[in-house]
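J.: Okay, here's the structure, questions in a sec.
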Amino acid sequence: MLINQFLLLGAVLFCLGVYGVIARRNAVMVLMSIELILNAVNINLLAFALMNGTSDGHAFALMIIAIAAAEVGVGLAMVLLVYRNRRSIALDELSEMKG
Amino acid sequence: MVAQNIFFGIIATIMVVAAFRVVSVRNVVHAALWLVLVMSGAAALYILLAAEFVGVTQILVYVGAVMVLLLFGTMLTRAQIGAEKDLNHRSWALGIPVAGMLFLAMAVALIGGFEDDQLPENLDRVTVQQISDDLFSPYLVPFMALSFVLVATVIGAIVLARRD
């Protein structure tokens with residue numbers, strides 16, 4: 001297996017995630033796109049761990065998984081709060097801070 | 001090694017199609033279900049990369065917990081089930097050149113940087129014992145910080161989502 005197979009797959013997933021963050025208007029969909037990005041990074045880390053024959057990449061990947069879980073938890077709590085106050089989770093309607 | 005490449009091709013195709021559906025589909029619940037496919041494909045790739053422990057953790061945490069959270073979030077924040085019209089921004093097309101140029105830059109860097117580097121074939125497996133040795137000696141401080149972050153997250157989520 002070439003290492004570039006995995007790295008390019010990671011790049012494709014990363015870019016799809018970036019596109020989702022930019023294009024989506026629904027806050028939950030943006031959170032899903034962020035999960036795509038984090039997964040792409042994990043694939044890269046594990047490919048490099050195999051290439052170098054060390055276990056450091058595994059430790060990093062586990063930490064990223066934990067951080068991603070925490071991020072989704074707080075993110076959804078915030079989305080719920082916004083929904084409760086405004087009856088909508090469209091991101092472009094949250095414009096009170098616009099000068 | 002041919003078998004591994006065939007499996008990689010199948011998994012990678014499924015993942016790319018599913019990821020594309022996640023960012024293009026018009027129904028939030030369907031997007032979440034496509035995301036399950038991406039996560040499971042990633043877990044399969046981790047096992048292909050000889051990282052069984054991370055693969056199992058991926059299934060437990062992502063497909064199990066994160067997906068349920070996302071579906072909960074979807075169910076709690078919207079009344080209508082089914083396709084939605086304005087899931088995208090009005091200027092959603094801006095995302096295409098940004099993502100395309102980002103991919104172009106990364107592809108040029110990767111192909112120029114790693115060319116035909118092979119992954120080692122007869123590998124020493126990374127055992128779970130090694131991972132735990134890593135986490136509990138050189139990475140002990142980040143690990144503790146991570147546990148602190150998780151505690152803060154739990155408290156923060158409760159404080160944010162609580163009804164007064």
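Read the figures in this text as sums done on the coordinates, not as results from a lab. This is a predicted model, so every value here is computed, not measured. Positions of Cβ are backbone-derived with ideal geometry, glycine not excepted, and every protein chain shown enters the neighbour counts.
J.: Taking region B:94-132 on its own, how many of its residues are out of contact with any Cys (no Cβ under 9 Å at 6 or more places or on another chain), within 8 Å of chain A (Cβ to nearest Cβ) and either part of a helix (DSSP H, G or I) or surrounded by 15 or more Cβ atoms within 10 Å (Cβ to Cβ) (or both)?
T.: Final tally of qualifying residues: 11.
Table: residues versus (1) touching a residue at least 40 places away in the same chain (Cβ under 8 Å); (2) of a type in the set (A, V, I, L, M).
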| position | (1), (2) |
| --- | --- |
| A:32 | no, yes |
| A:53 | no, no |
| A:56 | no, no |
| A:65 | no, yes |
| A:70 | no, yes |
| A:82 | yes, yes |
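J.: Go through region B:52-92 and count every residue that is within 8 Å of chain A (Cβ to nearest Cβ) and assigned to a helix (DSSP H, G or I).
T.: 16
J.: Moving on. Looking only at region A:47-71, count every residue that is more than 7 Å from every other protein chain (Cβ to nearest Cβ) and not in a helix (DSSP H, G or I) and tell me the total.
T.: Result for region A:47-71: 1.
J.: Can you name the condition, by its number, that residue A:44 falls short on among (1) more than 13 Å from the chain's Cα centre (by Cα); (2) facing chain B (nearest Cβ under 8 Å); (3) in a helix (DSSP H, G or I)?
T.: Looking at each condition in turn, residue A:44 falls short on (2).
J.: So residue A:23 ticks every box in (1) in contact with a Phe, Trp or Tyr (Cβ under 8 Å, 6 or more places away or on another chain); (2) farther than 12 Å from residue B:22 by Cβ; (3) of a type in the set (Gly, Ala, Ser) but one. Which box is left unticked?
T.: Residue A:23 satisfies every listed condition except (2).
J.: Oh, and also: Scanning region A:2-27 for residues that are assigned to a helix (DSSP H, G or I) and touching an Asp or Glu at 6+ places or on another chain (Cβ under 9 Å), which turns out farthest from residue B:94 (Cα to Cα)?
T.: Ranking the candidates gives A:3 first.
J.: If you take the residues in region B:26-51 that are assigned to a helix (DSSP H, G or I) and in contact (Cβ under 8 Å) with a residue 40 or more places away in the chain, which one is surrounded by the fewest Cβ atoms within 10 Å (Cβ to Cβ)?
T.: The qualifying residue surrounded by the fewest Cβ atoms within 10 Å (Cβ to Cβ) is B:29.
J.: Any idea which residue in region B:137-146 is nearest to the chain's Cα centre (by Cα), counting only those that are assigned to a helix (DSSP H, G or I) and exposed (fewer than 11 other Cβ atoms within 10 Å of the Cβ)?
T.: B:144
J.: Additional query: Considering region B:147-164 alone, what residues qualify as being among the hydrophobic types (A, V, I, L, M, F, W, C) and surrounded by 12 or more Cβ atoms within 10 Å (Cβ to Cβ)?
T.: B:149, B:150, B:152, B:154, B:157, B:160, B:161 - these are the residues of region B:147-164 that are among the hydrophobic types (A, V, I, L, M, F, W, C) and surrounded by 12 or more Cβ atoms within 10 Å (Cβ to Cβ).
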